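The structure appears below as structure tokens.
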């Protein structure tokens, strides 16, 4: 099987999953239709991301055992079903459950499959291919933004969920049919370099027994916190802080999606040559500077779009690098399950933004996010690759 077909399937799947990043387009229409508060509506996005992250643990372990095709197909069906049911929601708890829980599980079941498969097929281009595999997720918001806006204006916000549900179901299941894990002998055909990870694979239990995992987990949490905060409130930042009209503020969704996707590819490729941690330190530093600037609240239309674009670019880098870092540190054999545990940091970060904004203004939340990025920068400088000899002997006898 040509390994680039796996990439094609991965991108098709991720384009649909990434439409979740356009959530801020739903905030105002849902508030207008049902009279809900903004902070309550945004919780739907947080539940979706958190459920999505939790589901990756189960999905990762399952696809490591039975392969990615079936797991991704089931996820596609659940995602589509969740949105179709959300079209009938008339209360917040229904929206939370149908879109956030059922849809979130569908995204989580599907997301880890193409990513894990691509990393296994491309041991010679791990950073680049991780970026390409998840770039579709970043582009999803860009591609679906005009579709969502057109649907909302023509059929209303509730019916939009139904149309999107059918679109996601069909396209995700179609992309899943191209996913397959490579046979071991295939790896020797794609690179002349030795692959030490084949003999240095960590089970999930072994990984959880290393202090490096917890450092990386916190680094992932701090890095994605800023991006998710900006993404979930993108339109609201433009309207409330920059005093833009809805049409101009909504352009933030497109530029974030575009730069999010670009960051995944560009920074993934850069990390293959510059090194993962060196690249991470640059991203943390850039994110901190931008969040410090946004915390001033002094922005016009141009600087607003520029700021959220750069945050999207850096955010994409985090999502591209951490799968590769997980494989670099702990091998590829249990990549799906191991990254599922690592990904929980991303899920928790989705709740941090809306929770903090309920307590303090957005500008203050930006300031604290910048400080967290500086802490993560120092951690990236200190963390080192674990060796199996650091683990207790009885750990090596335990399975994943």
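Results, tabulated for the structure shown:
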| quantity | calculated |
| --- | --- |
| The lone exception for residue 270 - which of (1) buried (at least 24 other Cβ atoms within 10 Å of the Cβ); (2) modelled with pLDDT of 85 or more it fails | (1) |
| Only listed residue being farther than 27 Å from residue 133 by Cβ, in a helix (DSSP H, G or I) and modelled with pLDDT under 95, chosen from 315, 304 | 304 |
| Selected residue (only one of 47, 74, 84 is over 25 Å from residue 269 (Cβ atoms) and within 16 Å of the chain's Cα centre (by Cα)) | 47 |
| Qualifying residue in the range 351-360 (condition: over 13 Å from residue 294 (Cβ atoms) and modelled with pLDDT of 90 or more) | no |
| Residue within the range 17-24 that is over 21 Å from residue 343 (Cα atoms) and not in a helix (DSSP H, G or I) present | no |
| Number of positions in the range 94-135 that are buried (at least 24 other Cβ atoms within 10 Å of the Cβ) and modelled with pLDDT under 90 | 17 |
| All positions within the range 357-373 that are in contact (Cβ under 8 Å) with a residue 24 or more places away in the chain and over 10 Å from residue 222 (Cα atoms) | 357, 358, 362, 363, 364, 365, 366, 367 |
| Residues being touching a residue at least 40 places away in the same chain (Cβ under 8 Å), part of a helix (DSSP H, G or I) and more than 21 Å from residue 372 (Cβ to Cβ) - total across the range 240-258 | 11 |
| Residue count, the range 142-160 (criterion: at positive phi and part of a helix (DSSP H, G or I)) | 0 |
| Residue 66, sole failed condition from (1) at pLDDT 95 or above; (2) under 23 Å from residue 171 (Cα atoms); (3) more than 22 Å from the chain's Cα centre (by Cα) | (1) |
| Qualifying residue in the range 224-234 (condition: surrounded by fewer than 22 Cβ atoms within 10 Å (Cβ to Cβ) and either in a helix (DSSP H, G or I) or touching a helix residue (DSSP H, G or I) at 6+ places or on another chain (Cβ under 8 Å) (or both)) | no |
| The range 242-259, residues that are within 13 Å of residue 144 (Cβ to Cβ) and surrounded by 24 or more Cβ atoms within 10 Å (Cβ to Cβ) | 253, 256, 257 |
| Selected residue [in contact (Cβ under 8 Å) with a residue 12 or more places away in the chain and under 20 Å from the mean Cα position of the chain (by Cα)] from 301, 284 | 284 |
| Qualifying position, being modelled with pLDDT of 95 or more and more than 24 Å from residue 105 (Cβ to Cβ), among 296, 287 | 287 |
| Residue 91 vs. criteria surrounded by 19 or more Cβ atoms within 10 Å (Cβ to Cβ), closer than 23 Å to residue 50 by Cα and in contact with a helix residue (DSSP H, G or I) (Cβ under 9 Å, 6 or more places away or on another chain) | no |
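The values are calculated or read from the model by the stated rules, or taken from the named source; none is laboratory data. Keep in mind that what you see is a predicted model, and the values were worked out from it rather than measured. Quick reminder, even Gly has a Cβ in these numbers, built from the backbone with ideal geometry, and neighbours come from all protein chains shown.
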